[in-house]
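Peer 1: Below: one structure in structure tokens.
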Amino acid sequence: MPLRLTPLHPLFAAEVGGLDLRRTPGPEVCAEIDRAMDRYAVLVFRGQELDDDQQMAFGEALGPLETTRGTVDAHKHRLKHGAMNDISNLDVDGKLLAADDRRRMFNLGNQLWHSDSSFKATPAKYSMLHARVVPPDGGDTEFADMRAAWDALPEKTKAKVRDLVTEHSLIFSRGQLGFADYTEEEKKAFAPVPQRLVRWHPGSQRHSLYLSSHIGRIQGWQVPEAMALIRWLVEFATQRQFVYAHTWRQWDLVMWDNRATMHRARPYEDATYPRDLRRVTLADVAPTLEQRMAA
Ligand SMILES: O=C(O)CCC(=O)C(=O)O
Ligand SMILES: [Fe+2]
């Protein structure tokens, strides 16, 4: 049975109808979802009244999670030794953290355009956010299609950036927010990781720009030149025609492919309203430099 897909944007993003995710989909439906992710990169499932277990079960049906219940003990240990050292979807009891709690911990970083976990050697594949409580207005999440952005680049620029290797770290993204003080342990934990600037997406057979606020260097380049280029690319790639803005309703589940998109949280007026969005993240298969490029 093919999924019922309704496009939400001329380039990417679609709504998926006819699925009740309280019952974890089997392998055939998951394969359909993967195919739809390859095509659309962002999928919106409305009206899904899930709890943490059901959301995690859906994630696990699609592939290995970045943080699983099996790693909760290790995770508790890391939290005890400084929550700032860790970034995770889980709290100390293994419950999913609300995005706002993660945001408080990670200093508004979600409001910068980014790709999840690009600061990890093996970054994230899919992320899914589930809306438990939403404020009356504001607080959208915006997504930008990094395949369409790549396609639209001038050929000269493509040739210039095609083989570049960037370095990503939480220290770089937090630096943009004014954070500068780190312990030696934190510096070690957040050591920059190399990533390709241009990726090959096997599912869609398309290239994508792998951009993120976590980028702070391009290997072999002086920092000012590197960051001027990265800023230009981010501006280019997040022009209005490449962006889908999701306005949340309670019980929306939105899943995106971090290999093919960037996203950012938008602020909302009255921060006294709760905004409880919970995330489950799937791990990619390998560091980007170890992944195959197009033949
Ligand atoms: O809160 C949001 O709108 C987005 C948060 C985010 O970037 C994430 O959960 O990965
Ligand atoms: Fe994010």
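Peer 1: Give the residue, chosen from Arg217, Arg275, Arg279, that is within 16 Å of ligand 2 (Cβ to nearest atom), touching an Asp or Glu at 6+ places or on another chain (Cβ under 6 Å) and of a type in the set (D, E, K, R).
Peer 2: Only one candidate qualifies: Arg275.
Peer 1: Scan region 1-41 for residues that are of a type in the set (A, V, I, L, M) and closer than 17 Å to Lys125 by Cβ and jot them down.
Peer 2: Correct list: Ala31, Ile33, Ala36, Met37, Ala41.
Peer 1: Tell me, please, whether a residue that is of a type in the set (Lys, Arg), at pLDDT 85 or above, part of a strand (DSSP E or B) and more than 9 Å from ligand 1 (Cβ to nearest atom) can be found in region 115-125.
Peer 2: yes
Peer 1: Further question on the same structure: Would you mention how many residues in region 219-271 are in a strand (DSSP E or B), within 22 Å of Pro123 (Cβ to Cβ) and modelled with pLDDT of 95 or more?
Peer 2: Counting residues in region 219-271 that are in a strand (DSSP E or B), within 22 Å of Pro123 (Cβ to Cβ) and modelled with pLDDT of 95 or more gives 12.
Peer 1: If you don't mind, another one. Among the residues of region 272-290, write down those that are out of contact with any strand residue (DSSP E or B) (no Cβ under 7 Å at 6 or more places or on another chain), not hydroxyl-bearing (Ser, Thr, Tyr) and not in a helix (DSSP H, G or I).
Peer 2: If the condition is that a residue be out of contact with any strand residue (DSSP E or B) (no Cβ under 7 Å at 6 or more places or on another chain), not hydroxyl-bearing (Ser, Thr, Tyr) and not in a helix (DSSP H, G or I), then Val285, Ala286, Pro287 are the ones that fit.
Peer 1: Could you run through region 146-174 and say how many residues are farther than 11 Å from Val198 by Cα and either within 16 Å of ligand 2 (Cβ to nearest atom) or touching a Gly at 6+ places or on another chain (Cβ under 9 Å) (or both)?
Peer 2: Counting residues in region 146-174 that are farther than 11 Å from Val198 by Cα and either within 16 Å of ligand 2 (Cβ to nearest atom) or touching a Gly at 6+ places or on another chain (Cβ under 9 Å) (or both) gives 8.
Peer 1: For region 131-190, which positions are buried (at least 20 other Cβ atoms within 10 Å of the Cβ) and in a helix (DSSP H, G or I)?
Peer 2: Residues satisfying the conditions are Met146, Arg147, Ala148, Ala149, Trp150, Leu170, Phe172, Ser173, Arg174.
The values are calculated or read from the model by the stated rules, or taken from the named source; none is laboratory data. Small disclaimer: the values here were computed from a predicted structure and weren't measured. Positions of Cβ are backbone-derived with ideal geometry, glycine not excepted, and every protein chain shown enters the neighbour counts.
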